[in-house]
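A.B. asks: One structure, pasted below without further comment.
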Amino acid sequence: MEFVRLLLVFLHLLGMGMLVAMIMLQARAGKDAPVNKGWLHGAALQLLTGVALVGIDPLVDSVKYDHIKIGVKLLVVVAIAAVVAINVNKPKAPSWLLPTAASLVVLNVGIAVFWT
Ligand code: HEM
């Protein structure tokens with residue numbers, strides 16, 4: 001079971017990397033570009049791996065998660081998915097989308113690391 005947990009953490013960190021890459025790709029695409037669908041894939045990966053990590057928590061001896069922290073991270077990832085999903089079919093991403101989604105990604109990394 002420890003291997004499964006480590007595998008989920010591994011995928012969770014790759015998902016974070018993907019969202020950070022999205023910040024750079026969206027910035028490089030310029031202000032007239034549409035929203036990159038990769039945001040949704042990264043957010044979905046974070047949601048699935050995060051929920052799975054919490055789900056296997058009772059089966060793993062040494063790990064105990066703070067459920068308020070997890071709830072806040074869950075809300076933040078849903079907010080990322082929501083701001084992207086409502087704009088994904090528009091020809092041009094609104095100007096506020098990149099700073100908003102980027103701030104939410106950085107917020108969740110900060111919560112993951114500093115909320116102990
Ligand atoms: C943008 C979305 C997210 C980002 C960038 C993110 C980032 C991270 C990072 C960097 C860690 C490692 C922290 C450390 O080891 O000190 C982590 C761990 C964790 N995250 Fe997330 N996370 C996100 C969403 C979520 C969601 C939605 C959930 C749950 C619903 C979640 C649950 C967890 C759990 C349970 C761990 C602990 C893993 C362990 O060490 O056993 N995360 N997250």
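Coordinate-derived values only; no laboratory data. A quick note: this is a predicted structure, and the numbers were derived from the prediction, not measured. When we count neighbours, we look across all protein chains shown, and the Cβ atoms used for this are built from the backbone with ideal geometry, even at glycine.
A.B. asks: For the range 2-114, compute the orientation-averaged projected area of the C-alpha convex hull (one quarter of its surface), in nm². List each step's numbers first, then the result.
C.D. replies: Working: hull surface 27.2 nm².
Computed as one quarter of the Cα hull surface, the answer is 6.8 nm².
A.B. asks: May I ask for the angle, rounded to the nearest 10°, between helix 2-29 and the longest principal axis of the chain, with both axes built from Cα atoms and the value confined to 0 to 90°?
C.D. replies: 10 degrees
A.B. asks: Follow-up question, since we're still on this one. Springs between alpha-carbon atoms under 10 Å, Gaussian network over the chain: tell me which of V105, V78, V60 tops the mean-square fluctuations.
C.D. replies: V60
A.B. asks: Also, I was wondering about something else. Would you be so kind as to identify which of G50, H67, G30 lies farthest towards the positive end of the dipole of the range 1-69, taking Lys and Arg as +1 and Asp and Glu as -1 on Cβ and the Cα centre as origin?
C.D. replies: G30
A.B. asks: Mean residue ellipticity at 222 nm from the helices of the chain, using -39,500 (n - 2.57) per DSSP H segment of n ≥ 4 over the full residue count, to the nearest 500 deg cm²/dmol?
C.D. replies: Numbers: 4 runs with 83 residues, N = 116.
Value at 222 nm, helices only: -25000 deg cm²/dmol.
A.B. asks: Put a dot 7 Å past each Cα toward the Cβ at I111 and A79; how far apart are the dots in nm?
C.D. replies: Distance between the two pseudo-spin positions: 0.8 nm.
A.B. asks: Same structure, new question: List the lysines whose Cα sits under 26 Å from the Cα of K69, skipping any in the same chain fewer than 8 residues away.
C.D. replies: Filter leaves no residues.
A.B. asks: Cα axis of helix 67-85 to longest principal axis of the chain: angle in degrees, 0 to 90, nearest 10?
C.D. replies: The helix 67-85 is inclined about 20 degrees to the chain.
A.B. asks: How far apart, in nm, are two points set 7 Å out from the Cα along the Cα-to-Cβ line at D66 and at K37?
C.D. replies: Spacing of the two 7 Å Cα→Cβ label points: 3.7 nm.
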